[in-house]
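Reviewing the structure listed below.
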Amino acid sequence: MLKRLFDIFFSFFGLLLLSPFFVLIGILVFIDSGFPVFYLQSRVGCYNKDFFLFKFRTMLVNSDKQGLLTIGGKDNRVTKIGYYLRKYKIDELPQLINVLIGDMSLVGPRPEVRKYVDMYSAEQQKVLEIKPGITDYASIEYVNENEILGKSDNPEVDYIHKIMPAKLALNLKYVRENNLLSDIKIIFKTIIKVIK
């Protein structure tokens, strides 16, 4: 209950304070590559239920049909403004809407697409017992995931067999330690990591 109140308070005031910035980003996205400004992607949330995740669109329209993974910092599907939105994680800010409406929390395991969730083991599926979040231990550890995959000879295989299990291990750690104090620490660590 306390965590939900924390989420509502900070997502509401975050959206309120950032609304002028959102308008500016929306205009830049439109100038760079037209509509839509937002990208909605189906992700798997708490109790294995699908929901639509909000992001600023950083790729050309229908790019997800060419693959779900973004490879390296120079993926040719990424727009000019999208490169910078991704680099500084600004594209993730609209997920405050998901937090406000209750699909997500500020902190929790990052929601994955159905394709990869269907590969989870019984143990890994425990991450679906709590709400997904905007940031978590794995987000901090793998802040440069796109660059790691960009250096791989087979990004899809390396994601499934190396990165995804490592991220899920960190997610399971969060599930075990889940409390408001750890959430606050993760939020500050995320901010510091993005600034660096």
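The values are calculated or read from the model by the stated rules, or taken from the named source; none is laboratory data. This is a predicted model, so every value here is computed, not measured. A quick note on method: Cβ atoms are made from the backbone with ideal geometry, for glycine too, and the neighbour counts reach across all protein chains shown.
Only residues in segment 73-98 that are more than 21 Å from Phe51 (Cα to Cα) and assigned to a strand (DSSP E or B) count as the first member; pair them with residues that are at pLDDT below 85 and among the small types (Gly, Ala, Ser), Cβ under 9 angstrom, at least 6 apart or cross-chain, and list the lot.
Val78/Ser63
Just to be sure I understand the filter: pairs with C-beta atoms under 9 Å, separated by 6 or more residues or on different chains, first member in segment 161-184 and closer than 13 Å to Tyr120 by Cβ, second member in a loop (DSSP other than H, G, I, E, B) and of a type in the set (Phe, Trp, Tyr). Which pairs pass?
These pairs meet every condition: Met164/Tyr120; Lys167/Tyr142; Leu168/Tyr120.
For the condition outside any loop (DSSP other than H, G, I, E, B), buried (at least 16 other Cβ atoms within 10 Å of the Cβ) and either of a type in the set (Gly, Ala, Ser) or in contact with a strand residue (DSSP E or B) (Cβ under 8 Å, 6 or more places away or on another chain) (or both), what is the one hit in Ile186, Ile148, Ile163?
None of the others qualify; the one that does is Ile186.
(1) farther than 25 Å from Tyr39 by Cβ; (2) among the hydrophobic types (A, V, I, L, M, F, W, C); (3) surrounded by fewer than 13 Cβ atoms within 10 Å (Cβ to Cβ): which one isn't true of Ala169, the others all being true?
(3)
Going by the structure shown, is Leu100 at pLDDT 95 or above, closer than 26 Å to Ile27 by Cα, in contact with a Leu (Cβ under 6 Å, 6 or more places away or on another chain) and not hydroxyl-bearing (Ser, Thr, Tyr)?
no
Out of Leu18, Leu28, I need the residue that is of a type in the set (A, V, I, L, M, F, W, C) and either surrounded by fewer than 17 Cβ atoms within 10 Å (Cβ to Cβ) or free of Cβ contacts under 8 Å to residues at least 12 places away in the same chain (or both). Which one?
Matching residue, one of Leu18, Leu28: Leu18.
Given the options Val175, Val127, Val107, Val157, name the one that is crowded, with 19+ Cβ neighbours inside 10 Å and either of a type outside the set (A, V, I, L, M, F, W, C) or over 12 Å from the mean Cα position of the chain (by Cα) (or both).
Val127
Do you know which of the residues in segment 34-84 that are at pLDDT below 90, among the polar types (S, T, N, Q) and surrounded by fewer than 20 Cβ atoms within 10 Å (Cβ to Cβ) is farthest from Asn154 (Cα to Cα)?
So the residue we want is Asn62.
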